[in-house]
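Before any comments, here is the structure.
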Amino acid sequence: MLGQIDISKRQAEIADLVQKAGFASVEELAERFEVTTQTIRRDVNGLCEQGILRRTHGGVEPPAPASNIHYSTRQILNLSGKQIIANLVAEKIENNQSIAFSIGTTPEIVMQALISHEKLAIFTNNLNVAFTASINPSHQVTIAGGRLRHGDRDVLGSSAQAFFSNYKVDVGVFGVAGVDEDGTLLDFHEDEVGARQSILANSRKSYLVLDHSKFGRSAHVRGGNLSDVDAVFTDRPLPPQIQELLKGSGTKVCVASDEHSD
């Protein structure tokens, strides 16, 4: 599958742990997963070869910081949380509906959860979403044209914003890089915000999908507020100050749990 990386469940858990902790030694990982240090070294070597982690003296750490974490790394961080979010969103979407999808790993995983739906009309600037949707021949897939952003496999800029404005869809599914304490939605680039806002403006229902790690995560481009969307889908209860902000806003909060996982 386009955009899908070939790693084991244990490697995904290692990457998630190291990203959160900032460092882990080979010995610590071997003890945690109850395998030999040789097995752990093979696991982390594979992760380092894909740029998900990097070796350091005695262990591994996240790669050098950039404007955003590499897409391949984001695909596996909190993967189980993203999957149960996706399963919950899939329960809310009916056959024959039209859906606009933004960039990002969580929207991609939502599309994976919709494979068994029938006759969906998909509009997206995310090639990973488009490829996944095309697996089901009953789905109609329309993609934005323009310059492809390497790594993330998406199309951004004025062409993407204009693309979404050409349609009025039943549901818009989008993510964000972070959420500030006052509910402000944050991304790393103005073009990301522009495309997301175009989806929001041209959807009858707007679904924001994000795992708990996005609350308090730093990103520097503002674009809307949690209270602007119809529903927020997440894997843990929202921080108390965010819950307070949303009171009376009309935004529905859907918290996924293990009961929605496969």
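The values are calculated or read from the model by the stated rules, or taken from the named source; none is laboratory data. None of the values given here were measured: they were computed from a predicted structure. Every residue, glycine among them, receives a Cβ derived from its backbone with ideal geometry; neighbour counts consider all protein chains shown.
Overview of results
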{"item": "One residue from A177, A201 being surrounded by fewer than 22 Cβ atoms within 10 Å (Cβ to Cβ) and of a type in the set (A, V, I, L, M, F, W, C)", "result": "A201"}
{"item": "Considering residues of region 144-168 that are surrounded by fewer than 21 Cβ atoms within 10 Å (Cβ to Cβ) and among the hydrophobic types (A, V, I, L, M, F, W, C) only, the residue modelled with the highest pLDDT", "result": "A162"}
{"item": "All positions within region 231-256 that are within 18 Å of N87 (Cα to Cα) and in a loop (DSSP other than H, G, I, E, B)", "result": "D235, R236, P237, A256"}
{"item": "Qualifying residue in region 113-120 (condition: within 22 Å of N166 (Cβ to Cβ), surrounded by fewer than 20 Cβ atoms within 10 Å (Cβ to Cβ), modelled with pLDDT of 90 or more and charged (D, E, K, R))", "result": "yes"}
{"item": "Leading residue by the ranking (farthest from I52 (Cα to Cα)) among those in region 1-37 that are at pLDDT 80 or above and among the polar types (S, T, N, Q)", "result": "T36"}
{"item": "First in region 192-204 and not assigned by TED's automatic domain parsing to the domain that holds L148, second anywhere and assigned to a helix (DSSP H, G or I) and not β-branched (V, I, T), Cβ under 7 Å, 6 or more apart", "result": "none"}
{"item": "Which numbered condition I103 fails, given (1) in contact with a His (Cβ under 9 Å, 6 or more places away or on another chain); (2) in a loop (DSSP other than H, G, I, E, B); (3) of a type in the set (A, V, I, L, M)", "result": "(1)"}
{"item": "Matching residues in region 89-112 - criterion: being of a type in the set (A, V, I, L, M) and at pLDDT 95 or above", "result": "V89, A90, I93, I99, A100, V110, M111"}
{"item": "Qualifying residue in region 51-59 (condition: in a helix (DSSP H, G or I) and under 27 Å from the mean Cα position of the chain (by Cα))", "result": "no"}
{"item": "Residues of region 187-198 satisfying the condition of being of a type in the set (A, V, I, L, M, F, W, C), part of a helix (DSSP H, G or I) and surrounded by fewer than 24 Cβ atoms within 10 Å (Cβ to Cβ)", "result": "V193"}
{"item": "Any pair with Cβ under 9 angstrom, 6 or more apart, that starts in region 134-149 at a residue that is over 25 Å from H189 (Cβ atoms) and ends at one that is polar (S, T, N, Q) and exposed (fewer than 13 other Cβ atoms within 10 Å of the Cβ)", "result": "N136/S116; S138/N95"}
